[in-house]
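The values are calculated or read from the model by the stated rules, or taken from the named source; none is laboratory data. Keep in mind it's a predicted model, so treat the numbers as computed, not measured. Positions of Cβ are backbone-derived with ideal geometry, glycine not excepted, and every protein chain shown enters the neighbour counts. Note: areas computed on protein heavy atoms with side chains; ligands, DNA, RNA excluded. Shrake-Rupley method; radii C 1.70, N 1.55, O 1.52, S 1.80 Å.
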Amino acid sequence: MVTQSHILNWSNAFTGRMQGLSLESSPFAARAASLAERLQDETGRGILPFMTMPFRGALEKEIPSVLEKLAGCKHMLVLGIGGSALGARALQKAFAPGQDRPDHAGPWLWIADNVDADTVTALFDTLPPKETALVVISKSGGTIETLAQYFLARAWLQKALGEGWKKQVVMVTDEKAGFLREEADREGIASLPVPDYLGGRYSVFSAVGMLPAAFLGVNWRALLDGASSVFAPLLKDMNTLAAHPAWKLALWNRMLMDKGYSQLIFFSYIPLWSCLGSWFAQLWAESLGKEGKGSMPFPAVGVTDQHSVNQMFLDGPRDKGCLFVHCPSLDKGPAFGNDVPEKWAWLKGRRFGDLLEAEGLGTRMALAGHNVPLAEFVFAASDERSAGTFMGLLELATVLTGWLLDINPIDQPAVELGKRLANAKLGAPGYPEENTALDAFLNRKGAVDAF
Ligand code: PA5
């Protein structure tokens, strides 16, 4: 298969305080060799499975077999949060957008990734239990938000289906440990593994993202092929790292942070890829926000956000870099007819998508003109393979940026505190320090205003 190349254009990447710099002359560039060695070592030891994908062979067998078992289900209800939900949503919106459109006849994917009584009640009131597959996704198998939803969903299914409830459930969780693993083994519930060392936000290419995608009829194999195509040259020869786009992105971002750019806009002019921005935001923020380092990802979608936050991008604090994403070959839709009023006569004969491309160009130029350093991704196509390539590239760029910051991009220790405090508040045992902290916080005296 011949695939066209995508482009990463650096023409406007060195404006503002980046003026006069280059990737080659960056003091961080010298680290390519040692980080290539580190990549070699960590992929060799199997601790970066998002790159090596040792699980692919098993997935090729497991997904079709699980889907066969769920053949009678028109609905899939996914319970998961963070990395266990955002990838699936991004793929749904990009490649199975029918559910947001009139006359959709299924299949339907519902992703419950919040503690929202309203939504959960509505789902249980309206979904047909017999035709709903319940997919519980949690790497740790112990995430309270997901488990709380599961306990309610289990009761809902049991009430409607009796013993048959188990046939409708699939767990996607750690192979050996955690509550969901125990539950799957105890109840004989079908399960798919989240491989070792594959943290939530790096797990979209495992069953975490691929099972919901496959259920929707998305070409999940092409997504995997796209991701593999990014990693293959490196896995063959790590010495090519310095020329790899993921390294260049990491280097550029490290340079941006060094120059005081504390925000990174993810501006997608591929409208259907808008939720890729939320997926990327989690990947970037949870991986890099450590020890006072990192940059704040800001997902935006063209053209919609030209009319909301773009003013701030252009003329607010000079603290933003931008990843600008577009695809000139998107379907352009209908053409304007001769009935267009005279004032807009210049639209006659043009197509709807011409407006998107022209506005993308205008925004790109405006950002560059306002000295927002901008790396421009030009996609040859917006299909599954292209998205897989992009997501793989972003995952690797994130890890490399973390290494250039000398932090661990794989863990997320800070977010645990809030969860421990919530558990303590609800009376969970084993949180003495959190209980003391809660008392102090809740009894803090200060002025309050009623309004
Ligand atoms: O990226 C991550 O590791 C997190 O966002 C997790 O995906 C999230 O906390 C959910 O964790 P789990 O999959 O263990 O339920």
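Which entries in Lys61/Lys167; Lys167/Lys419; Lys74/Lys176; Lys419/Lys445 show an alpha-carbon gap greater than 22 Å? Correct reply: Lys167/Lys419; Lys74/Lys176; Lys419/Lys445. Within a straight-line Cα-Cα reach of under 21 Å, Lys236 can be paired with the following lysines, leaving aside sequence neighbours fewer than 8 residues apart in one chain: Lys248. On the accessible surface of segment 348-444, probed at 1.4 Å, how many percent belong to carbon and sulfur atoms? The value for segment 348-444 is 59 percent carbon and sulfur by accessible area. Mean separation of Cα pairs under 8 Å and 6 or more residues apart, divided by the residue count, gives the chain a relative contact order of 21 percent.
Listed by chain and number, the lysines whose C-alpha is less than 30 Å from the C-alpha of Lys348, apart from same-chain residues fewer than 8 away, are Lys332. Sorting 296-303, 94-101 by average packing, meaning the other beta carbons within 10 Å per residue, from highest down gives 296-303, 94-101.
Computed over all pairs of different Cα atoms, the Kirkwood value for the hydrodynamic radius of segment 313-434 is 19.4 Å. The HN-Hα couplings worked out from phi for segment 159-164 by the Karplus form 6.51 cos²θ - 1.76 cosθ + 1.60 (θ = phi - 60°) are 4, 7, 10, x, 4, x Hz, whole numbers, x standing for Gly and Pro. The amide H of Val78, built 1.01 Å from its N in the peptide plane, has Trp110, Ile111, Ala112, Val135 as neighbours under 5 Å, considering only residues 5 or more places off or on other chains. Around the amide H of Ile265, modelled in the peptide plane, lie the amide H atoms of Phe298, Gly321, Cys322, Leu323, all under 5 Å away and 5 or more residues distant in sequence or on another chain.
Peptides 334-345, 108-119 ordered by packing proxy, namely the average of other Cβ atoms within 10 Å per residue, highest first: 108-119, 334-345. Set the Cα radius of gyration of segment 98-154 against 2.2 N^0.38 Å, with N its number of residues, and you get 1.23.
DSSP assigns beta bridges within segment 162-302; of those with both partners inside it, close to 0 percent run antiparallel.
Each residue of segment 359-376 was assigned a 3J(HN,Hα) from its phi angle through the Karplus expression (A = 6.51, B = -1.76, C = 1.60, θ = phi - 60°), giving 5, x, 4, x, 5, 4, 5, 5, 5, 4, x, 9, 6, 8, x, 9, 9, 10 Hz with x at Gly and Pro. Relative protection proxy for 78-90, 151-163, from highest mean packing down: 78-90, 151-163 (other beta-carbon atoms within 10 angstrom).
Considering only alpha-carbon pairs that sit under 8 angstrom and 6 or more positions apart, the relative contact order computed for segment 210-340 is 26 percent. Each principal axis of the Cα cloud of the chain was taken in turn, and the coordinate range along them, longest first, works out to 64, 62, 59 Å. Here the spin labels are modelled as points 7 Å beyond Cα on the Cα-Cβ line, and at Asp354 and Ser34 they lie 5.5 nm apart.
Note on Leu235 and Asp439: the model spin-label points, each 7 Å out from Cα along the C-beta direction, lie 5.5 nm apart. Each Cα pair under 8 Å and six or more residues apart adds its separation to the average, and for segment 284-429 the resulting relative contact order is 32 percent. Segment 307-362 to segment 114-132: how many Å between their Cα centroids? Segment 307-362 and segment 114-132 have Cα centres separated by 38 Å. So, in Å, what gap is there between the alpha-carbon centers of segment 134-178 and segment 16-46? Spelled out, the Cα-based centre of one part sits 42 Å from the other.
Listed values for segment 303-320 are Karplus-derived 3J(HN,Hα) couplings in whole Hz (6.51 cos²θ - 1.76 cosθ + 1.60, θ = phi - 60°), namely 8, 3, 7, 4, 9, 10, 9, 4, 4, 5, 4, 7, 10, x, x, 7, 10, 10, and x replaces Gly and Pro.
Quote to one decimal, in nm, the extra length available between Asn338 and Lys61 on full extension: 0.36 nm per residue of separation minus the C-alpha distance between them.
94.3 nm
Rounding to the nearest 10 and keeping the result within 0 to 90°, find how far the Cα-based axis of helix 117-126 lies from the longest principal axis of the chain. In the chain, helix 117-126 runs at an angle near 70 degrees to the longest axis. Take every DSSP beta bridge with both residues inside the chain and express the antiparallel ones as a percent of the total, to the nearest 5. Taking every DSSP beta bridge with both residues in the chain, the antiparallel ones total about 10 percent. Modelled spin labels at Lys130 and Met365, positioned 7 Å past Cα toward Cβ, are 6.1 nm from each other. Annotation: amide H of Leu192 within the under-5 Å range of Met171, Val172, Thr173, sequence separation 5 or more or interchain, hydrogens built in the peptide plane.
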